[in-house]
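Below is one structure, written out as structure tokens; comments come after it.
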Amino acid sequence: MESGQPVFEAIGLTKKYEDETLALDHVSFSVRAGEIFAMLGGNGAGKTTTINLFLNFIEPTEGEARINGIASHKDPLTAKRNVAFVSENVMLYPNFTALQNLDYFSRLGGKTQYSKENYHAVLRRVGLQEEAHTKRLRGFSKGMRQKCGIAIAILKDAPAILLDEPTSGLDPQAGFEFIELLRSLRDDGKSILMSTHDIFRAKEVADVVGIMNRGKLIMQKHAAELAGHDLEELYMKYIAGHIRDAA
Amino acid sequence: MFRLLIEKELREIIGSTKFAVSFGVCSILILLAFYLGAANYLASVAQYNAARAENLRQLEGLTDWLAVRDYRIFLPPRPLTTLVSGIANDVGRTIEINGRGDLVAHDSRYGDEPIYAIFRFLDLDFVFQIVLSLFAIVFAYDSINGEKERGTLRLTFANAVPKAHYILAKLIGSYAALAVPLLIPLALGSLLLVVMGIPLSSNEWMRLGVIIATGIAYVGVFLTLSILLSSLTQRSSTSFLMLLVIWVMSVIIVPRGAVLLAGRAVSVPTIEENNAKKGKLNAQLWREDREAMTKFQPSSSSDPQRMASEFQKLMQEMADKRDARMKQLSDRLNEERTNAQQVQRGLAFGIARVSPAATFALATTALAGTSLDLEYLFRDAALAYQQAYAGFMFKKTGVNLSRGMIIMRTESGDPEKPKSINANELPVFTYSERGVSEVMQAVLPDIGLLLLYNVLFFAGAFVAFLRYDLR
């Protein structure tokens, strides 16, 4: 993969359901290596639909969702080898310990070379307390499970990382640690596409911010363009403007 | 990848609390079923031997075979009967043999000890049919939609996992997680039979093996059905509720409903109805015979000896005719009843086989020799014995018991001290079960049906999962 080539690429991505609901309407964007793209938007804006299209959980009506140049709906298994995913509410297997969950999902992601020490190291990196490593996930808090989810994504060592509302429900400390972790992943050259409601954290960490509403990407700006702007104000302005236009 | 998915399935199930609880309960119940079965068998053998000894003791001191009364034959206990009781406790185990007349079995286990009839016995059939099928549901009702609810399905399929591999691994893993731990208490239970000195022939060991295999196939039906419904629904609570309804229908409603339906569709004359018809004919024949007796004209009224002889001859002829007509009616009524019963049973079992539980019960009772066949086989063996008994008595006494003659004997001269009869000379009653090949031939369609249910439900689950919404 040449540097600068997009890792995530949405090209005219459209999804219309059988009941004629237009969930996504010709959305196009790209995310390069070492870049974080934050999709902002309310419920039903199309953020999760976009992620589902990248993971081929649904097929596009039009357009393509590409990961590392591979269209997800055409060659889903190859596309998925290039992406790690962290969902909004990481549950994992409650009867497995943190280490067992890491081991299972790493091997599922094709990584069979890791030792127990590698798992401990990555759990330390994401900030999970040492004593929790060998405990079953049954009693873990949401923040702890989220850390395990991130650890799984790190272990997969894929060039692309998809995050669906990763900071929702996290306490401020956990949220801060999470942002720090994203920065370090970006510094490792990962391409990160995240959906979020959290305007504050999006501005803090994203290189590019996209605002989605009613299935459309209505704004896309780089961090530099956003400097000096109140993103919350901008968000409300764009959403209001889009609603007015639609009316 | 495939192996990893199976391993995960096994580890997830075996590491769960529900597995620990269900494995513990299953092990206790299975071992208990074997222990109680063995203990019951030993008690039945003791009871059987005591009854036989008492039967022979009653003949002690008799000097005339004609004085033998109330000679009985007994259904011998069989080890498998106590492991899968079927109708064994409902049918009479004793038949009184008189050399003629209808044979009636009495002294059923439940008749003797009605308390056991209330909740029935804890046997292997019960453990498989009720307990293990429920555990299969508990294991697998959320196998797919539960993963979706936990979010692990999305996470799994964010990796390069083919859906076909995943669902196949799910089935194999769930099956192995259920079947392998089941085999442990089953093997221990079989060992218990040996330790307790239960004499199982190789034939019976083979049948027991097939019973266990059939049980695993039956549990597999509920396992695959659970995976199917879990693949068809989005919420685990929905699939659990649906499975409970199906389980109740399969285990309780359908088998009983099938019998009721067949009972309404095909009427079988009751024994009382047949007895009434026989009684009516008997009364009519006696009336006719009485009239014939009143019209009796001896060839010579001056010779009383000759007159008595002619009267005796007339009586005998009338008795023969009466017996022949009674037998004719009895045979016809019995045949009609048996034929109607066959049709009714065929219909009832045909409908009931929609339920895997009924199919399983029909197969296992046939394998254990406790199906409805038991009653027929015992009756047929008793009929054969009755003939042998009548032949023996004829040889010993010159009296044909099957014709119901009345013998008048006169004694004269110096009575010689009579010798006691030797009861061991009586023919020995033997009860034989059907041969293995015959039984296997009879149960293969049921086992095949259970396997077909497995295949159909799994195929359904496979197709449903390929279309499953992973979001």
Practice prompt. Would you list, by chain and number, the lysines whose Cα falls below 25 Å from the Cα of residue B:419, excluding same-chain residues fewer than 8 positions away?
Written response: B:395, B:396
Worksheet item: Relative contact order for the stretch B:56-203: what is it in percent, counting Cα pairs under 8 Å that are at least 6 residues apart?
Response: 16 percent
Worksheet item: What residues in the stretch A:78-97 lose 10 Å² or more of accessible surface when the other protein chains are added to their chain alone (1.4 Å probe)?
Response: A:80, A:81, A:85, A:87, A:91, A:92, A:93, A:94, A:95, A:96
Discussion item. Ignoring GluC sites (Glu not before Pro) that are buried or in helix or strand per DSSP, and keeping those with at most 12 other beta carbon atoms within 10 Å, what is the longest stretch of chain B between them?
Written reply: B:61-410
Worksheet item: Which of the residues in the stretch B:11-29 show a loss of at least 10 Å² in accessible area from their chain by itself to the complete set of protein chains, at a probe of 1.4 Å?
Response: B:11, B:12, B:15, B:16, B:17
Worksheet item: Do any residues of the stretch A:29-61 lose at least 50 Å² of accessible area when the full set of protein chains is present rather than just their chain alone, and if so which, with a 1.4 Å probe?
Response: A:57
Practice prompt. With +1 on each Lys and Arg Cβ and -1 on each Asp and Glu Cβ, and nothing else charged, work out how big the dipole of the stretch A:4-63 is about its Cα centre, in Debye to the nearest 20.
Written response: 260 debye
Fill in: trypsin sites (Lys or Arg not before Pro) lying in DSSP loop within the stretch B:271-301, provided at most 14 other Cβ fall within 10 Å
B:295
Worksheet item: Mind ordering A:52-59, A:118-125 by average Cβ neighbours within 10 Å, highest first?
Response: A:52-59, A:118-125
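Per-residue ellipticity at 222 nm for the protein assembly as shown, helices alone: DSSP H runs ≥ 4 residues times -39500 (n - 2.57), over residue total, nearest 500 deg cm²/dmol? If you can, show how the numbers build up before the last one.
Working: 26 runs with 412 residues, N = 718.
Calculated mean residue ellipticity at 222 nm is -19000 deg cm²/dmol.
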Discussion item. What aspartates and glutamates does residue B:8 reach when the alpha-carbon gap must be under 19 Å and sequence neighbours fewer than 8 apart in one chain are set aside?
Written reply: A:103, B:142, B:147, B:149
Practice prompt. Rank B:189, B:165, B:140 by how far each Cα sits towards the positive end of the charge dipole of the stretch B:105-224 (+1 on Lys, Arg Cβ; -1 on Asp, Glu Cβ) and give me just the farthest.
Written response: B:165
Practice prompt. Take the alpha-carbon centre of the stretch B:198-264, take the same for the stretch B:132-190, and report the distance between them in whole Å.
Written response: 17 Å
Worksheet item: Solvent-accessible area per residue for the stretch B:93-195 at a 1.4 Å probe radius, Å²?
Response: 38 Å²
Fill in: Chains A and B together, accessible area buried on both sides, 1.4 angstrom probe, square angstrom
2500 Å²
Item to complete: Give me the net charge of residue A:107's neighbourhood, meaning all other residues with Cβ under 11 Å from the Cβ of residue A:107; Lys, Arg count +1, Asp, Glu -1.
Response: +2
Fill in: Angle in degrees between helix B:2-14 and the longest Cα principal axis of chain B, rounded to the nearest 10
70 degrees
Worksheet item: Gap in Å between the Cα centre of the stretch A:136-158 and the Cα centre of the stretch A:41-98?
Response: 17 Å
Worksheet item: In the stretch A:10-169, how many lysine pairs have Cα atoms under 18 Å apart, counting only pairs 8 or more places apart or on different chains?
Response: 11
Worksheet item: Which angle between 0 and 90 degrees, to the nearest 10, do you get for helix B:163-195 versus the longest principal axis of chain B when only C-alpha atoms count?
Response: 40 degrees
Worksheet entry | Cβ-placed point charges (K, R +1; D, E -1), dipole of the protein assembly as shown about Cα centre in debye, nearest 20 | 500 debye
Discussion item. If you roll a 1.4 angstrom probe over the protein chains with everything in place, what fraction of the accessible area of the protein assembly as shown belongs to carbon and sulfur, to the nearest %?
Written reply: 57 percent
Response to the item:
For the protein assembly as shown, whose charge dipole is built from +1 on Lys and Arg Cβ atoms and -1 on Asp and Glu Cβ atoms, the candidate among A:119, B:422, B:271 with its Cα farthest towards the positive end is B:422
Practice prompt. Over the Cα atoms of chain B, compute the convex hull volume and normalise it per residue, giving Å³.
Written response: 165 Å³
Fill in: Cross-link reach list, aspartates and glutamates versus residue B:295, counting only Cα pairs under 16 Å and skipping chain neighbours closer than eight places
B:310, B:317
Worksheet entry | Dipole moment magnitude, nearest 20 debye, chain A about Cα centre, only Lys, Arg, Asp, Glu C-beta charged | 680 debye
Worksheet item: Could you give the distance between the Cα centres of the stretch B:24-67 and the stretch B:303-332, to the whole Å?
Response: 43 Å
Response to the item:
Of the candidates A:23, A:38, A:60, the farthest towards the positive dipole end of the stretch A:1-121 (Lys/Arg Cβ +1, Asp/Glu Cβ -1, centred on the Cα centre) is A:38
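Where in chain A are the DSSP H helices whose alpha-carbon span along the long axis reaches 20 Å or more and whose Kyte-Doolittle mean is at least -1.0?
A:142-156, A:172-187, A:231-246
The values are calculated or read from the model by the stated rules, or taken from the named source; none is laboratory data. Bear in mind the structure is a predicted one, so any value in this text is a computation, not a measurement. Note that each Cβ is placed from the backbone with ideal geometry, even for glycine, and that neighbours are counted across all protein chains shown. Remember, those area values only see protein heavy atoms, side chains included, never the ligands or the DNA or RNA. Shrake-Rupley method; radii C 1.70, N 1.55, O 1.52, S 1.80 Å.
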